[in-house]
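Worksheet: the structure to be examined is printed underneath.
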Amino acid sequence: MLNEKHFTGHWWIVLLLLLLMLIDGSLASVLAQWIMRPNFMGTPQLTLLGLIMITLFVPEEKYITWIAAIIGLLFDTFYTGILGVNALLFPLVIYTIRQIRPYIPRMPVFVGMVYIIGLLLYGIANYIMNRFIGFGTGNVVMLIANHLGPGLTVNLALFVIVYGPLHRLLDNLAEE
């Protein structure tokens, strides 16, 4: 207990999440003609992937819920225009992942499954919140067919591409 080292890489975590948030917007813009059509809305969620992987691989980051709320507010400001939705949903997903973190092996297959759970939780909660504030009008079938399915497809492809480098980066941060 005396030699316990405190995590000091908070600013690196914030910078990483800001970079992932900007890559989210860039990917959505560049790939929009292929992944964002009326019947196929595969929105990239690298920010959510970053939050989930930080929660799993950097357990010493005790401020991740607050960071998630701030990143969610910035995400709302930049991309959605409805302040508060992601500022509430990102910390909700992180809180849920923190509760199950002790039971999750840190292997790619299990991290991918946790990412799928996080994406589904986020997508359903986002649908409910948008319906609650009167912004969403689609039904549950449209949510599953047009948003959740394509979103999972796009984000699992991104997970396969990004997992290795992001895992190495977070391992290096956690060791510092």
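Every listed requirement among (1) assigned to a loop (DSSP other than H, G, I, E, B); (2) surrounded by fewer than 18 Cβ atoms within 10 Å (Cβ to Cβ); (3) of a type outside the set (A, V, I, L, M, F, W, C); (4) touching a Leu at 6+ places or on another chain (Cβ under 7 Å) is met by residue 44 save one, (2).
Number of residues in region 85-140 that are over 11 Å from the mean Cα position of the chain (by Cα) and of a type in the set (Phe, Trp, Tyr) equals 6.
Exactly one residue among 155, 126, 172, 146 is surrounded by fewer than 17 Cβ atoms within 10 Å (Cβ to Cβ) and either part of a helix (DSSP H, G or I) or β-branched (Val, Ile, Thr) (or both), and that residue is 172.
Within region 84-105, is there a residue that is surrounded by fewer than 16 Cβ atoms within 10 Å (Cβ to Cβ), closer than 23 Å to residue 173 by Cα and of a type in the set (A, V, I, L, M)? Scanning region 84-105, I find at least one residue that is surrounded by fewer than 16 Cβ atoms within 10 Å (Cβ to Cβ), closer than 23 Å to residue 173 by Cα and of a type in the set (A, V, I, L, M), so the answer is yes. Of all the listed residues (135, 78), the sole one being closer than 25 Å to residue 11 by Cβ, surrounded by fewer than 17 Cβ atoms within 10 Å (Cβ to Cβ), in contact (Cβ under 8 Å) with a residue 12 or more places away in the chain and among the hydrophobic types (A, V, I, L, M, F, W, C) is 78. Assess whether residue 109 counts as being within 19 Å of residue 152 (Cα to Cα), among the β-branched types (Val, Ile, Thr) and either open to solvent by 20 Å² or more (accessible area, probe 1.4 Å) or outside any helix (DSSP H, G or I) (or both). Here the answer is yes, as residue 109 does meet what is asked. Quick one: is residue 53 free of Cβ contacts under 8 Å to residues at least 12 places away in the same chain, crowded, with 16+ Cβ neighbours inside 10 Å and within 22 Å of residue 160 (Cβ to Cβ)? When the stated conditions are applied, residue 53 does not pass them.
The values are calculated or read from the model by the stated rules, or taken from the named source; none is laboratory data. Model, not experiment: these values are computed from the prediction. For neighbour counting, all protein chains shown are included, and Cβ atoms are generated from backbone atoms with ideal geometry for every residue, glycine included. Remember, those area values only see protein heavy atoms, side chains included, never the ligands or the DNA or RNA. Shrake-Rupley method; radii C 1.70, N 1.55, O 1.52, S 1.80 Å.
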